[in-house]
Structures are given as C-alpha cells and as structure tokens.
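First comes the structure, then the notes that go with it.
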Amino acid sequence: MKRFKLKTFIYIAIVLIAAFIITRFINSGNNRWYTATSTGDMGASLFYDTLRHMGYPARIGRQPLTPDSNLQNVYILVQPHTPHVSREMAEEMVEWVRRGGRLVFLHTSHSSILNIVGTEGETIYYHRPLGRTRGYQWSLHQVGNGEIIIGSPRPLLNAALVERPYPGTILESHLRRWQGEQIIFAEYYLGFANQETFIGSLPFIVQLVLAQLVITFIILIWHLGKRFGNPVPYYEEEEREENEHVRALAKLYMKTKTYIKIKRK
C-alpha cells in the first residue's frame with residue numbers, strides 16, 4: 001500500500017512538471033516580440049504564416065546578412081535589436097542591396113539604414129493613427145542594383161494586421177514582384193544566433209510534439225523499472241584460507257584412522 005502511494009505521488013509529480021515545461025515552452029514562443037513564431041499581439045507570425053499559406057518560400061534564418069549572402073533571396077528584418085545593427089553592419093547590408101539584393105528593414109528607429117541610403121525614396125505606405133501627430137511610413141529605395149523597404153515594424157505585427165491588413169497587402173505585392181528564391185525572416189537579429197539544426201528548423205507544433213514524446217518515453221522507462229531484463233541474483237564469494245585444504249585432509253585422515261581402530265577392536 002505504501003509502495004502504491006509512492007508511485008502515485010511520483011506519477012502526479014511527473015505530470016505536473018511536464019505540464020509546467022510545456023506551458024513555459026508555449027508561452028515563451030508566444031511572447032517573443034517581433035518574431036515570426038510568436039502568435040502574440042507583438043509577434044509577426046500572422047504575416048509569416050500567411051506567406052507560407054500562399055505558397056511563398058518563407059523561412060526563418062539564423063545567420064547574419066553579409067555582402068556575400070545570396071542575392072536571389074529576400075531578407076526581412078523586423079525590429080532587429082539583439083545584436084543591435086551598428087553602423088558597420090548597416091553598411092554591409094546596404095552593400096548587399098547595392099549588389100542586387102532585396103531587403104525589408106523595419107525598425108522604430110531606422111536611421112542607421114536611412115542615413116546611408118539617403119532620404120530620397122518612394123513612399124509606399126503612410127498611416128497616421130487617430131490621436132497621434134506622427135504616423136507609420138514605409139518607403140521604397142533603389143540602391144544600386146537592388147531595392148530596400150524602410151519603415152516602422154508596427155503595421156506588420158499581429159494585432160495591427162488584424163485591424164488593418166493593408167500594409168501586409170502592400171508588402172506582399174513587392175515580394176511577389178521580387179520573386180526571391182527564399183524569403184528569409186532574419187531572426188538572427190532577434191537573439192537567435194545559433195546554428196540551424198534539424199530540430200530547430202521544424203515548425204513549433206512539431207517541436208512541441210517531440211517534447212511530449214520525450215517526456216512520455218522517460219515516464220515509460222521509469223514505469224518499466226530501473227533495469228532491463230530479469231534480476232540476476234548476487235552471490236558473495238567467501239574468502240578461503242591458504243591452507244584450508246590441508247586442514248580438511250587432516251581432519252578427514254584423523255576420522256578415518258579412528259574408525260579403523262574402533263573396527264579392529
């Protein structure tokens with residue numbers, strides 16, 4: 001009875017720990033601002049998932065944008081802050097665009113790019129929210145053989161797109177015109193600078209299912225026992241003395257000799 005209660009308690013503890021880990025896993029994915037995997041109000045998953053649903057080759061990238069990056073790809077940077085885009089990094093991005101790349105750079109303070117590109121550009125989106133003197137503006141700039149869209153990230157976030165999908169339609173039209181081999185949401189600049197792995201490239205729901213399978217496997221192994229196969233009995237060997245056989249023979253000899261004497265009498 002006592003053993004049964006202990007097992008029940010351990011089962012409940014494992015289930016609670018698993019539920020806590022899964023909940024934290026889900027919340028951490030939903031509360032990361034500006035990421036393409038976040039379904040929160042400040043995430044960008046709505047636009048990312050819509051592109052994939054429409055058949056665009058959108059994916060998440062965890063490598064920095066350099067002048068040597070593939071010119072056939074389109075890069076989208078939404079509020080890059082970890083690492084912060086320095087002057088040197090901005091110049092490398094613009095150099096890539098000048099060679100023929102296509103870049104969408106959305107940041108609340110996009111002066112690091114705008115100062116290099118120049119203020120001359122075509123305004124492709126402008127919206128002034130009610131009660132505000134400053135609005136959201138996107139502009140398209142021709143830089144060398146490439147193009148760059150610069151502006152605020154707010155209109156592309158989930159909560160804003162639900163209320164006003166027009167900015168998403170505008171950006172989609174330019175992505176369709178660019179016809180990039182891949183549309184890369186560069187989340188390297190949001191702190192995801194690790195090397196891409198097979199698990200990391202899987203969708204969030206698949207990663208969650210794999211985590212549940214691992215937890216289930218651990219519980220199953222614990223339930224079946226701490227060992228594999230039938231238990232093997234352990235026999236402890238008795239340490240023998242060096243001259244033990246001599247004493248045994250002597251005792252046997254003495255008993256035999258005494259028996260012979262008794263028989264003769």
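The values are calculated or read from the model by the stated rules, or taken from the named source; none is laboratory data. A quick note: this is a predicted structure, and the numbers were derived from the prediction, not measured. For neighbour counting, all protein chains shown are included, and Cβ atoms are generated from backbone atoms with ideal geometry for every residue, glycine included.
What the table below lists for this structure:
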item	result
Among (1) within 20 Å of Q179 (Cα to Cα); (2) surrounded by fewer than 18 Cβ atoms within 10 Å (Cβ to Cβ); (3) of a type in the set (K, R) - the single one R128 does not satisfy	(1)
Total residues in the stretch 47-59, condition under 20 Å from the mean Cα position of the chain (by Cα) and closer than 10 Å to Q182 by Cα	3
Leading residue by the ranking (farthest from Y34 (Cα to Cα)) among those in the stretch 130-176 that are touching a helix residue (DSSP H, G or I) at 6+ places or on another chain (Cβ under 9 Å) and among the acidic types (D, E)	E147
Any pair with Cβ under 9 angstrom, 6 or more apart, that starts in the stretch 205-221 at a residue that is closer than 20 Å to S38 by Cβ and ends at one that is at pLDDT 75 or above and assigned to a helix (DSSP H, G or I)	none
Single residue of the stretch 149-194 satisfying the filter (without any contact (Cβ under 8 Å) to a residue 24 or more places away in the chain and not in a helix (DSSP H, G or I)) that is surrounded by the fewest Cβ atoms within 10 Å (Cβ to Cβ)	Q179
Test: residue in the stretch 191-205 that is touching a strand residue (DSSP E or B) at 6+ places or on another chain (Cβ under 8 Å) and at pLDDT 90 or above	no
